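Structure record follows, encoded as C-alpha cells.
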There are 2 protein chains.
Amino acid sequence: MKIEVVKNILDANEQMAAENKVFFEGRGLVAVNIMASPGAGKTSLILRTIEELGEPLAVIEGDIASTFDAEKVSEKQVPVVQINTGGECHLDASMIRKSLEKLDIGKAKYLFIENVGNLVCPAEFQLGERVRVLVASVPEGDDKPFKYPGMFSAVQAVVLNKMDILPFIDFSVARFMEGVRAVNPQAPVFQLSCRTKEGLGAWIDWLKTVKS
Amino acid sequence: MKIEVVKNILDANEQMAAENKVFFEGRGLVAVNIMASPGAGKTSLILRTIEELGEPLAVIEGDIASTFDAEKVSEKQVPVVQINTGGECHLDASMIRKSLEKLDIGKAKYLFIENVGNLVCPAEFQLGERVRVLVASVPEGDDKPFKYPGMFSAVQAVVLNKMDILPFIDFSVARFMEGVRAVNPQAPVFQLSCRTKEGLGAWIDWLKTVKS
C-alpha cells in the first residue's frame, strides 16, 4: 500500500519532469540541478558561476524556509525565484513548473536550480534538468561517497568545495576520490574553493561544454 | 490520499516510539537521539563522549550505507549496532526496536542513537528517545537555524561543533545564536570542537543532568 502510493507519486513526478525537459530544450536552456548537504556551498557556487560564466542565466532557489539565498542572487541582477517547500526535503517537478510562471527567463542560456540541502531525498526526484551536480565540501569528510552512494551515483559532475580549508581538516582527497569512483566511474570532479576562487576555471569550462 | 497514508505511518511510528520509551525508562537508560547534516560530527561527538562521560553506554549507528561509524565505536569497546536504512533518510522507531534485539545493552546508562545525516526528515520521527540533540558545525554556515527551523525547534540541546576552524570560515556566532533563539528559546547551545576537545566539558556536564 505504502509502496504503491510512493510509486504513483514518483511516476507523476517523472511525467511532469519530462514536460519541463521539453520546455527547457525548446528554449535552448541548460537546466542544472545543484544538490548538496546543508552548507556545502550551493549558493556560493551559483554566485561565483554568475560572476565567471559570462552567459545570461536565471536561478530557482529551493529551501525549507527563508529567502536569504534568493536575495543574494538578486543582488547580482539575475532573475530568481525562491521556492519555500515548507517541510518537504526536496524539490519536485511541479514546484519547478510553478516557479517558471514567475521567473523572467528572458534570454537566459542556463537555469540553475538549487535544491534543498539534503544528500538523500533530492536524488529521487527528477526536475527536468539537463545535468545534476553534487556539491560536496571538505569539512563534511572524505567518507561521504561511501555513506550516500545513491546521491553520488545520480550526478553528472561533482564539485568538491572549500579546498582552501583542507590544511585545517582531516580529509584525504584520495579516499574521497576512491569513494566517488566506486559508485560513479565517469563524472568529472572539480576541486575548488568558492571563497578563494581557486579551481573555478575547470568548472566553468565544463559548464560551457554542456548543451541543452 | 497521500496525506492520509503518511499520517498513518506517523501514527504507527509514534505508537512504537512510546513502547521504546517505556522499555528505556524501565531500564533506567537515557536514550539520546543525535541528529545533524552529513559530516557535522555526530560520530566524533559520540566518540568523545565515550571517552569523557565515565558512564557505561551503548550506541546505535544509523546510515544509508556503510559500517564505518559502527567500526569506530566498536574500537572503543562499546556495544554497537549499525542500521543501514538502504534509502530511507531517517531512522524510525521500528528500526530501533529491531536493533535493540541485537544490542548488548548490559549495564549501559546511556544509549546514543546516531540518526541519518539530514536536517529535515529525522525531526519528524520519534524513536522513543529521552532527548534530541542537534549537532551543527561552523563550516555549514550561520544561516542554518533560519533555513531548517523544524529541526532546530525539535531538539532539547544544540552542539555547535568545529569551533577550532572558526578563524578560517565566514561565520558569525551571534547570528547563529539569533537564529537558534528565534525558534528555540531555551535549548542550551554547546560551542565545542570534537577535534581539539575544547568546550566538551559543558556538554558532558549537561548530559549528566539528564535523567531517564
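The set of residues from the range B:154-200 being part of a helix (DSSP H, G or I) and in contact with a Leu (Cβ under 8 Å, 6 or more places away or on another chain) comprises B:MET163, B:VAL173, B:PHE176, B:LEU200. Within the range A:49-71, the residues that satisfy the criterion of being small (Gly, Ala, Ser) and either touching a His at 6+ places or on another chain (Cβ under 7 Å) or surrounded by 23 or more Cβ atoms within 10 Å (Cβ to Cβ) (or both) are A:ALA58, A:GLY62. Restricting the first member to the range A:118-133 and to residues that are more than 14 Å from chain B (Cβ to nearest Cβ), and the second to residues that are open to solvent by 10 Å² or more (accessible area, probe 1.4 Å) and acidic (Asp, Glu), the beta-carbon pairs closer than 6 Å and six or more apart or on different chains are A:GLN126/A:GLU14. B:VAL155 meets all of the listed conditions (1) touching a residue at least 40 places away in the same chain (Cβ under 8 Å); (2) buried (at least 23 other Cβ atoms within 10 Å of the Cβ); (3) of a type outside the set (Gly, Ala, Ser) but one, namely (2). Filtering the range A:192-212 to residues that are at pLDDT 95 or above, under 22 Å from A:ALA31 (Cβ atoms) and among the polar types (S, T, N, Q) leaves only A:THR209. Residues of the range B:181-193 that are open to solvent by less than 10 Å² (accessible area, probe 1.4 Å) and of a type outside the set (S, T, N, Q): B:ALA187, B:LEU192. Residues of the range A:2-23 include none that is surrounded by 19 or more Cβ atoms within 10 Å (Cβ to Cβ), closer than 28 Å to B:PRO149 by Cα, touching a helix residue (DSSP H, G or I) at 6+ places or on another chain (Cβ under 9 Å) and not polar (S, T, N, Q). Given the structure, is B:SER74 more than 15 Å from the chain's Cα centre (by Cα), open to solvent by less than 20 Å² (accessible area, probe 1.4 Å) and farther than 30 Å from B:PRO167 by Cβ? No, not satisfied. Residue-level check: of (1) more than 24 Å from A:VAL116 (Cα to Cα); (2) under 14 Å from the mean Cα position of the chain (by Cα), B:SER94 misses just (2). Hey, can you tell me all the residues within the range B:35-48 that are in contact with a Leu (Cβ under 7 Å, 6 or more places away or on another chain) and either open to solvent by less than 10 Å² (accessible area, probe 1.4 Å) or among the small types (Gly, Ala, Ser) (or both)? Those that are in contact with a Leu (Cβ under 7 Å, 6 or more places away or on another chain) and either open to solvent by less than 10 Å² (accessible area, probe 1.4 Å) or among the small types (Gly, Ala, Ser) (or both): B:MET35, B:ALA36, B:SER37, B:PRO38. Checking each residue in the range B:77-116 for being closer than 20 Å to B:GLY54 by Cβ, open to solvent by 20 Å² or more (accessible area, probe 1.4 Å) and touching a residue at least 40 places away in the same chain (Cβ under 8 Å) picks out B:ASP104, B:GLY106, B:LYS107, B:LYS109.
Among the residues of this structure, B:ALA174 does not count as one that is away from chain A (no Cβ under 14 Å) and open to solvent by less than 40 Å² (accessible area, probe 1.4 Å).
The values are calculated or read from the model by the stated rules, or taken from the named source; none is laboratory data. Quantities reported herein were computed from a predicted structural model and do not represent experimental measurements. Virtual Cβ from ideal backbone geometry, glycine too; neighbours counted across all protein chains shown. Just the protein is used for accessible areas: all its heavy atoms, side chains included, with ligands, DNA and RNA removed. Shrake-Rupley method; radii C 1.70, N 1.55, O 1.52, S 1.80 Å.
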